[in-house]
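Below you'll find the structure, written out as structure tokens, and then a few comments.
The values are calculated or read from the model by the stated rules, or taken from the named source; none is laboratory data. These numbers were taken from a predicted model, which means no experiment stands behind them. Heads up, the Cβs are rebuilt from the backbone with ideal geometry, glycines too, and the neighbour counts pull from every protein chain shown. These accessible areas exclude ligands, DNA and RNA; they are computed on the full protein's heavy atoms, side chains included. Shrake-Rupley method; radii C 1.70, N 1.55, O 1.52, S 1.80 Å.
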Amino acid sequence: MSSEIIDFDDIDVANRAKQLAGGTTLEVAQRCFEWVRDEIDHSNDIGAQQLTCNASEVLRKGHGLCYAKSHLLAALLRANAIPTGFGYQRLYDDAGDYMLHGYNMIHIGEQGWYRVDARGNKPGVDAQFMPPREQLAWRGDGPGECDYRINLAEPLPQLVRVLHSGLTVAEAWSFFPKSVPMG
């Protein structure tokens with residue numbers, strides 16, 4: 001089902017999903033993943049200051065943080081009838097603090113749930129689509145880091161609130177949750 005954030009019923013999102021359709025579930029999933037990873041910029045990588053959140057907004061603006069890019073990937077996959085969820089990692093960042101990183105879970109037939117990270121590659125980051133082997137942007141296994149290994153149907157509301165806050169990318173970092181609330 002389409003939602004406010006994963007708005008695959010938006011005409012532009014629906015049209016892009018149709019352009020990426022065709023073939024097996026695995027082929028469509030890979031095409032959608034690679035398109036978001038490679039064609040939608042990560043806001044930090046291009047110095048963008050405007051936050052994006054909804055899949056349609058990410059598509060129109062052409063950029064988003066990892067969370068927003070995962071929203072667009074989910075919309076494209078769900079528009080192509082591929083079940084998709086959201087997963088998160090707590091990572092240690094360059095500023096010496098923890099941050100929450102978002103990725104997607106895709107259901108691929110008999111293989112089941114498969115994790116992908118459409119954050120976007122750059123030096124030191126090499127996320128790939130190679131089922132059954134997973135290759136996320138980061139491992140999430142350093143001191144104090146955590147890969148929650150959860151599969152949520154919708155993005156974390158705490159993240160969505162910050163993405164919709166009107167803050168700049170730089171201002172928003174201190175307001176993003178540093179972990180996934182459990183319970």
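Miscellaneous remarks
- Which listed residue, of Y103, Y88, is assigned to a strand (DSSP E or B), touching a His at 6+ places or on another chain (Cβ under 8 Å) and either modelled with pLDDT under 95 or crowded, with 20+ Cβ neighbours inside 10 Å (or both): Y88
- Among all positions in region 158-173, there is no residue which is part of a strand (DSSP E or B) and under 16 Å from the mean Cα position of the chain (by Cα).
- Test: residue in region 110-129 that is open to solvent by less than 80 Å² (accessible area, probe 1.4 Å), among the basic types (K, R), outside any loop (DSSP other than H, G, I, E, B) and modelled with pLDDT of 95 or more: yes
- Hey, D93 open to solvent by 60 Å² or more (accessible area, probe 1.4 Å) and among the acidic types (D, E) or not: no
- Residue satisfying condition, being assigned to a loop (DSSP other than H, G, I, E, B), aliphatic (A, V, I, L, M) and modelled with pLDDT of 95 or more, within set A81, A68, A95, A75: A81
- Subset of region 132-154 (residues that are under 18 Å from the mean Cα position of the chain (by Cα) and not charged (D, E, K, R)): Q135, L136, A137, W138, G140, C146, Y148, I150, N151, L152, A153
- Against the test of being assigned to a loop (DSSP other than H, G, I, E, B), of a type outside the set (D, E, K, R), within 18 Å of L72 (Cβ to Cβ) and open to solvent by less than 50 Å² (accessible area, probe 1.4 Å), the options P177, P155 yield a single qualifying residue, P155.
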